[in-house]
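First comes the structure, then the notes that go with it.
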Amino acid sequence: MAQNNSNGNSNSLQVPTGDNKYVTVFNDPVNFNAKHPLNNSWTLWFDNPGKKSNANNWEQSLKELITFDTVEDFWGVYNNIMKTCDLSVSSNYHLFKQGIKPMWEDSANKHGGKWSIQLPRNKTMSDIDNIWLYTMLACIGEAFEHESEVCGVVVSVRKAFFRIALWTRSSDNRDVAMSIGRTLKGQIGVDGAFEFQPHHDTKTGGKPWVV
Ligand code: MGP
């Protein structure tokens, strides 16, 4: 039976109006007319702030790329954007639920925090595209027990490392945060410790939670 997702959309296949015969990507990989809906709509953002960027002007470098709400459209986007391993240093991709800007200041993020891990660039170059892919799939596939806590994910390209981060809506419930951190770690299967810090602690350097 069809159920409504958080967008109020039906979870059943999306079929063009007036078309009573649907063809999925499994039936015809080119001429399909029905798509598999995601539980949320997701927006992909990109930024590569210059050296002069600071917290006051950082938002100006953010570019909203595209929003999608089906499995097929996710793959359409993923297959047609630059791979993370080819991005220049200081770039970031942000995949956030539609309506949430990938900024600390957004009302969905301002009480939240992030799980993150830094992966040495030289050891991770050949794996980073899959690591980022699995991170996105965990989000859009609703792998998390506390799914509504998830705001979005970020991959950052830096001179010495890649950073994967998952942003949460709140930062005051240790059990909830630890559950999300453990699931993230399990889903993307990388060695090393993920650390959680509230956004407002980033500057003050409070002791992080670790999984
Ligand atoms: P960063 O890219 O999250 O950290 O933020 P990193 O990778 O440790 O630093 P980098 O210098 O190697 O890139 C870098 C800077 O971008 C911050 O110090 C802020 O000036 C700005 N910035 C980043 N974010 C995510 C935000 C944000 O959400 N809001 C605002 N106002 N500025 C931000």
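The values are calculated or read from the model by the stated rules, or taken from the named source; none is laboratory data. Here the structure is a predicted model, which is why all the values come from computation and not from measurement. When we count neighbours, we look across all protein chains shown, and the Cβ atoms used for this are built from the backbone with ideal geometry, even at glycine. Calculation scope for accessible area: heavy atoms of the full protein, side chains included, ligands and nucleic acids excluded. Shrake-Rupley method; radii C 1.70, N 1.55, O 1.52, S 1.80 Å.
Tally the residues that are more than 26 Å from the chain's Cα centre (by Cα) and either more than 14 Å from the ligand (Cβ to nearest atom) or of a type in the set (Phe, Trp, Tyr) (or both), restricting the search to the stretch 30-66. Adding up the residues that qualify gives 4.
Restricted to the stretch 43-127, the set of strands (runs of 3 or more DSSP E) holding at least 1 residues that are open to solvent by 80 Å² or more (accessible area, probe 1.4 Å) comprises 63-70, 113-120.
Residues in the stretch 144-169 that are open to solvent by 40 Å² or more (accessible area, probe 1.4 Å) and over 13 Å from the mean Cα position of the chain (by Cα): GLU145, HIS146, SER148, ARG158, LYS159, ALA160, PHE161, ARG169.
Is there a residue being away from the ligand (no atom under 11 Å from the Cβ), modelled with pLDDT under 90, surrounded by fewer than 13 Cβ atoms within 10 Å (Cβ to Cβ) and polar (S, T, N, Q) anywhere in the stretch 18-29? Checked against the condition, which is being away from the ligand (no atom under 11 Å from the Cβ), modelled with pLDDT under 90, surrounded by fewer than 13 Cβ atoms within 10 Å (Cβ to Cβ) and polar (S, T, N, Q), the stretch 18-29 yields at least one hit. Evaluation of VAL210 against the conditions (1) touching a residue at least 40 places away in the same chain (Cβ under 8 Å); (2) out of contact with any His (no Cβ under 7 Å at 6 or more places or on another chain); (3) β-branched (Val, Ile, Thr); (4) within 15 Å of LYS114 (Cβ to Cβ) shows that the sole unmet condition is (1). Among the candidates ALA108, ALA138, which residue alone is away from the ligand (no atom under 16 Å from the Cβ) and either modelled with pLDDT of 95 or more or of a type in the set (Ser, Thr, Tyr) (or both)? Criteria check complete, one pass: ALA138. When ARG163 is tested against (1) within 16 Å of the ligand (Cβ to nearest atom); (2) over 11 Å from ILE117 (Cβ atoms), just one condition goes unmet, and that condition is (2).
With ILE100, ILE131 as the choices, which residue is more than 13 Å from the ligand (Cβ to nearest atom), closer than 25 Å to GLN197 by Cα and within 13 Å of the chain's Cα centre (by Cα)? Matching residue, one of ILE100, ILE131: ILE131.
In the stretch 170-191, the qualifying residues are those that are out of contact with any Asp or Glu (no Cβ under 9 Å at 6 or more places or on another chain) and assigned to a loop (DSSP other than H, G, I, E, B), and the one that is surrounded by the fewest Cβ atoms within 10 Å (Cβ to Cβ) is ASP191.
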